[in-house]
Amino acid sequence: MQFIRHASTPGMRAACFPAADEDADAASLARAAALASVVAGSVAWTAPSAAARQTVAAIGQEARVVPALAEADCGRWRGLSYGQVAREEPDGLASWLSDPRSAPHGGESLAAHAERVADWLESVRAEPDMVVVCDAGTIRAALGHALELDPLCAARFDLAPLSFTELTVTKNGWRVAHVNRKVLF
């Protein structure tokens, strides 16, 4: 199962909490088109965010939109910069960064997000060759499940836009083939 982090967005470049309705950058989508040959023949699944769906379209795939692949709901922090949240809600941000069950923003905790992604991942173990387009948090949650990491440890993975992360099913769980692999354009 290959995961592709969706094309970049203005919010990603500005270090903002994800907003599901934010469009991907045209230049990043143009680079995504070069991935079509890499994922040809795969069954495609996508997060419901605009940027993920636009990335799937750019790589020439029709994908099943799966709500379980959505990024964690950041509640009232959605679209705000990390810097702004740090200034305005330092205790809430500190809680969110240190307790995976915390959701000071009124949205979804990192632990709840990780559980949702793990449940979906286990439900598709028997699926054929798949490509999944989503944002970094969902890929980190999948890696955390595969490696039995808590959400705060899994958050340490660096994942660039349009990078590939691959998990393979094993008899007793998952194997990580690679993380954050970039395809040269």
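Tabulated values for the structure
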read-out: Average accessible area per residue (Å²) across the chain - probe 1.4 Å, nucleic acids and ligands excluded; value: 47
read-out: Antiparallel content of DSSP bridges confined to the chain, in %, to 5; value: 50
read-out: Gyration tensor (alpha-carbon) shape descriptor, the chain, a/c threshold 1.5; value: oblate
read-out: Ranked packing of 71-79, 116-124, most packed first, by mean Cβ within 10 Å; value: 71-79, 116-124
read-out: Placed amide H near Val65: partners under 5 Å, 5+ positions off or other chain; value: Thr46
read-out: Charge dipole magnitude, Cβ of K and R +1, D and E -1 - the stretch 5-151, Cα centre, debye nearest 20; value: 340
read-out: Long-range HN-HN contacts of Phe3 with modeled amide H, under 5 Å; value: Val132, Thr165, Glu166, Leu167
read-out: Dipole-positive endmost among Val179, Ile139, Val65 within the chain (Cβ charges, Cα centre); value: Val179
read-out: Packing-based ranking, highest mean first, of 80-92, 18-30 given that Cβ atoms within 10 Å are counted; value: 18-30, 80-92
read-out: Peptides 46-59, 148-161, 101-114 ordered by average Cβ neighbours within 10 Å, highest first; value: 46-59, 101-114, 148-161
read-out: Cα gyration tensor shape of the stretch 6-86, rounded if a/c is under 1.5, else prolate or oblate by comparing a/b with b/c; value: oblate
read-out: Relative contact order [Cα under 8 Å, 6+ residues apart], the chain, whole percent; value: 28
read-out: The stretch 143-185: C-alpha gyration tensor shape, a/c 1.5 cut-off, then a/b vs b/c; value: oblate
read-out: Long-range amide H partners of Leu80 with built H, under 5 Å; value: Phe17
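The values are calculated or read from the model by the stated rules, or taken from the named source; none is laboratory data. This structure is a prediction, so every number in the text was calculated from the model and none was measured. Cβ atoms come from the backbone with ideal geometry, glycine included; neighbour counts cover every protein chain shown. Surface areas here come from the heavy atoms of the whole protein model, side chains and all, with no ligands, DNA or RNA. Shrake-Rupley method; radii C 1.70, N 1.55, O 1.52, S 1.80 Å.
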